[in-house]
Every structure is written in C-alpha cells, then in structure tokens.
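Right, one structure below, let's go through it.
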Amino acid sequence: MRNVLAGQLGHMPWWRASLGLFSARERRLATAGLDEVGMLHKAAQRTDSLSGGEKQRVAIARALAQAPQVLLADEPVANLDPELADDVLGTLRTAAKDVGVTTLVNIHNVVQARRYAERIIGIARGVVVFDGKPDELDQSALQRIYRYDRADAPADEFPDLAASLDPAVLLDLDHALEAGELHSAARGGQA
C-alpha cells in the first residue's frame with residue numbers, strides 16, 4: 001500500500017509528503033489501484049517480499065495512482081519469464097484501458113508487441129520506419145526495423161508471426177526510450 005501511495009507524493013503538500021500523511025481519498029485511490037491490478041490481497045505485504053510479476057503489478061498501480069495522461073513503460077517485462085510477462089502485459093493493458101490512459105511501451109519482443117498492441121511504431125536510428133496495426137507488421141517491416149544496417153539480410157530471417165494475435169492498447173516505440181527521445185519513471189522492469 002505504501003509503495004502505491006508513493007505515487008501520490010507529487011500531488012501533496014511537501015509537509016504531508018515528508019510526514020507520510022495520506023488522506024482518505026489518497027488511500028482510496030491506492031486501494032483502487034491495487035484492486036485494478038489484482039494485488040489488493042497483498043496490500044499489507046512488503047514489496048520486497050513479492051515476486052517479480054507482483055512487483056511489476058504494484059509498479060503499474062503506483063503509476064496509475066499518479067493519474068497520468070500518458071503512461072510510459074520501458075521494457076516492463078524484460079526480467080520476467082514468458083508466463084509472468086504475459087500476465088503483467090495483460091494487467092497493464094486492462095488497467096490502462098479501464099482508467100483510460102494512453103500507454104506507450106518500449107518492447108523488443110515482437111510477438112508480445114503484436115499480442116498486446118493496437119498500434120506499433122518501429123524506429124530504426126531515430127527514424128520511424130513502420131507505423132501501423134499489428135497485423136500489418138510483416139517480414140518487410142521487421143527487416144526495416146531490425147536489419148536496417150544489413151541490406152543483404154534474407155527477408156525470411158524472422159520467424160513467421162501468428163496473424164491471430166489479439167490487438168490491445170500498448171504502443172511499441174522500438175528504441176525510442178533507449179535513444180533518449182522519451183523518458184520513463186520506471187526503466188528496465190524495475191518496480
């Protein structure tokens with residue numbers, strides 16, 4: 001709970017923040033955030049005792065507690081196994097959709113980007129080389145994004161991507177955060 005409440009610190013007078021005095025409204029927001037990401041049952045538990053996926057969900061709740069207009073996530077599942085990664089991305093998608101916040105995600109896993117995105121932007125050397133729906137991301141687009149430095153790379157170098165993956169609300173800004181074009185409060189999957 002305190003970890004999520006920390007998301008409110010920027011909206012509080014300095015003296016209340018320094019004393020850790022949170023209003024009933026702020027506690028309700030934190031409780032709602034934890035409930036939104038399926039972590040309300042762990043509200044009294046210390047964050048350092050949580051699993052990696054649980055920490056990521058707490059980080060999502062903390063970010064949403066700040067009432068952002070845009071939520072930036074830099075490789076939010078980089079350190080998680082595939083099952084936990086899907087769980088966290090699904091939680092992020094659902095929470096962002098429910099709250100109505102635009103969510104920008106830097107992610108290099110093409111399958112995950114296709115599964116959870118409504119729109120994918122591929123950037124190579126600071127230039128947008130693809131901007132479209134997940135089902136439009138074909139071998140040619142992947143070549144422009146990932147093999148811009150190898151004109152001779154075979155077109156079939158990337159595995160075929162399943163066309164049946166469901167779109168969601170994440171946006172892949174491939175390399176944008178790494179290139180310093182955007183900044184994120186939670187980088188590299190840290191909760």
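Where a number appears in this text, it was derived from the coordinates with a stated rule and is not lab data. Computed from a predicted model, the values in this text were never measured in an experiment. Cβ sites come from the backbone with ideal geometry, for glycine too, and all protein chains shown count toward neighbours.
Measuring r between the beta carbons of residue 16 and residue 128 and using R0 = 41 Å, the FRET efficiency lands at 0.45. Please give every one of the lysines within straight-line cross-link reach of residue 133, meaning a C-alpha to C-alpha distance under 23 Å, and leave out same-chain neighbours fewer than 8 residues apart. Straight-distance partners of residue 133: 97. Give the distance, in whole Å, between the Cα centre of region 122-144 and the Cα centre of region 1-32. Taking the Cα centre of region 1-32 as reference, the centre of region 122-144 is 41 Å away.
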